Amino acid sequence: MLEKGKINATEFQLLVIVFTIGSSVLTSPSQVTKIVKQDAWITSALTVLISLFFIYLYNKIADLYPSMTFIECLEKVFGKWLGKIAALIFLFYLYYLTAGVLREIGNFFTTQILVETPIEIIMILFLLTVLYGVRLGLEVIVRTALIFYPWIIFLLLMLFLFLIPEIKLENVQPILEAGLKPFMKATYNNLSIPYNQLIILLMVAPYVNEKKQMKRAFYKGTLFGGLVITLIILFSILVLGAENSARQSYPSFILGKKINIGGFLERIEAIVAIIWILTVYFKISICYYSLSNGLANVLGLKSHQILMFPLFLLIISFSIIAHPDMVHFQHFLAKTWPHYSFTICLFLPLLVVIIGKLSKKISAAKSS
Amino acid sequence: MWAIIGMLTTGVVISLFEIPPLVKKRWWREIIAYFLLLSIGMTFAVLLCLKINIPTPINWIEKIYSPVTSFVERILS
């Protein structure tokens, strides 16, 4: 065990919620509305329900190997060398995800808030705070999430409340116009943006000390996070209209600009930015933590804190190298990312569950 | 130029903090892993500072998945 800290089920649920909301609260409205227009909120609600099957699968893995992180599971199931290769493939996914989310922060800041600051500076500053949290360990990250969680909920509530006067109901009509195929495509794409990334929480799951409640917490957290994202999508369609939200790269940020209470409370888009920065901070922290923990496991090290500074450089440089520009990024996200994400987050765990169950049965048959 | 110098000094200073406790504990494996990763990261960072174009692995992933991508595009559109 590389981590000595323990967390309980409620804190695990917070991590799931924050992980689901982080990064998708800003980007997923435009990606979904691009495909299905005003029906995006139905797609999103459907996606949350489908994602429960994924959670079922991940809970099965946590059941099979309760005291192992996902990387250790891979080595246990596939044997030493094949397991290490599978673990490296998974780690590359994690590495890309960390760098990609970091790049999203950079893109957002350089296009919307700090227009003249170089993107590298923003990413370095952000990752430095993450590095500080991650070095202090899992418990510290979770406690920080516990402190900021009420703020996230409060700001979300404020955003939704203030937007109610701006709603135009005719924006969601006609309902179910899109047709079956775009519907399926949007659901497929939407599944890969936050929901099947939740497999990364299997890297944290062995450190949860209440195993029974953990499974319920996993379901509940996903449902709640999904509800928030669905509401955000619904509101951006209701307020901005489907065409307009599809055209913006950050519709929920524009949503904040629309708030106007009696000509007095105006332009509080910073609310959305704060929600997003807080949730994304925890998302990157979890990814970064899992990355260094997993890598230390693959290399067979006794401590993973030592890998954090080299990983800092690697993540920063990869987030710049990976995509030369934003068009490349958006293209990859829309076209290839869903398939890539599905191979890592569906087929790999499926294989683990099947082989794990078989080998348990065989060893039980041998011993009897 | 200054960016490269600054980065290299940061690397050296942080290594001075990180490495001595490991040497005391004789954790050689950790030291090797640390320097390996650090040198890869430094190389990337220096190449970026010199504005040398590095081919992205994302294009390879796109190539690997291109049959799947075109198949799904054909079915769902």
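Test residue A:124 against the criterion of being touching a residue at least 12 places away in the same chain (Cβ under 8 Å) and open to solvent by less than 80 Å² (accessible area, probe 1.4 Å), and give yes or no.
When the stated conditions are applied, residue A:124 passes them.
So that you can scan it fast, the table gives a plain yes or no per residue for (1) open to solvent by 10 Å² or more (accessible area, probe 1.4 Å); (2) within 14 Å of chain B (Cβ to nearest Cβ); (3) within 17 Å of the chain's Cα centre (by Cα):
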{"site": "A:289", "(1), (2), (3)": "no, no, yes"}
{"site": "A:298", "(1), (2), (3)": "yes, yes, no"}
{"site": "A:304", "(1), (2), (3)": "no, yes, no"}
{"site": "A:311", "(1), (2), (3)": "no, yes, no"}
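Given (1) away from chain B (no Cβ under 14 Å); (2) touching a Phe, Trp or Tyr at 6+ places or on another chain (Cβ under 9 Å); (3) closer than 26 Å to residue A:31 by Cα, where does residue A:245 come up short, assuming only one miss?
(2)
Which of the following residues is under 18 Å from residue A:15 (Cβ atoms), buried (at least 16 other Cβ atoms within 10 Å of the Cβ), touching a Leu at 6+ places or on another chain (Cβ under 7 Å) and touching a residue at least 12 places away in the same chain (Cβ under 8 Å): A:142, A:134?
A:142
Rundown of residues vs (1) modelled with pLDDT of 90 or more; (2) under 17 Å from residue A:96 (Cβ atoms); (3) open to solvent by 60 Å² or more (accessible area, probe 1.4 Å); (4) within 7 Å of another protein chain (Cβ to nearest Cβ), yes/no style:
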site	(1), (2), (3), (4)
B:31	yes, no, no, no
B:35	yes, no, yes, no
B:38	yes, no, no, yes
B:43	yes, no, yes, no
B:50	no, no, yes, no
B:53	no, no, yes, no
B:56	no, yes, no, yes
B:61	yes, yes, no, yes
B:74	no, no, yes, no
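For region B:2-29, which residues satisfy the criterion of being away from chain A (no Cβ under 11 Å) and among the polar types (S, T, N, Q)?
B:9
So is residue B:17 loosely packed, with under 14 Cβ neighbours inside 10 Å and of a type in the set (Phe, Trp, Tyr) or not?
Yes: the conditions hold for residue B:17.
Yes or no: region A:347-354 includes at least one residue that is crowded, with 20+ Cβ neighbours inside 10 Å, among the β-branched types (Val, Ile, Thr) and away from chain B (no Cβ under 13 Å).
yes
Would you check if there is a residue in region B:6-16 being closer than 20 Å to residue A:322 by Cα and of a type outside the set (Val, Ile, Thr)?
No, that holds for no residue.
Can you find even one residue in region A:251-263 that is within 14 Å of chain B (Cβ to nearest Cβ), free of Cβ contacts under 8 Å to residues at least 60 places away in the same chain and buried (at least 21 other Cβ atoms within 10 Å of the Cβ)?
no
Does region A:90-121 hold any residues that are open to solvent by 20 Å² or more (accessible area, probe 1.4 Å), assigned to a helix (DSSP H, G or I) and β-branched (Val, Ile, Thr), and which are they?
A:110, A:111, A:113, A:119, A:121
The values are calculated or read from the model by the stated rules, or taken from the named source; none is laboratory data. All values derive from a computational prediction rather than experimental measurement. Methodologically, a virtual Cβ is constructed for each residue, glycine included, from the backbone with ideal geometry; neighbour enumeration extends over all protein chains shown. What goes into the accessible areas is simple: the full protein's heavy atoms, side chains included, and nothing from ligands, DNA or RNA. Shrake-Rupley method; radii C 1.70, N 1.55, O 1.52, S 1.80 Å.
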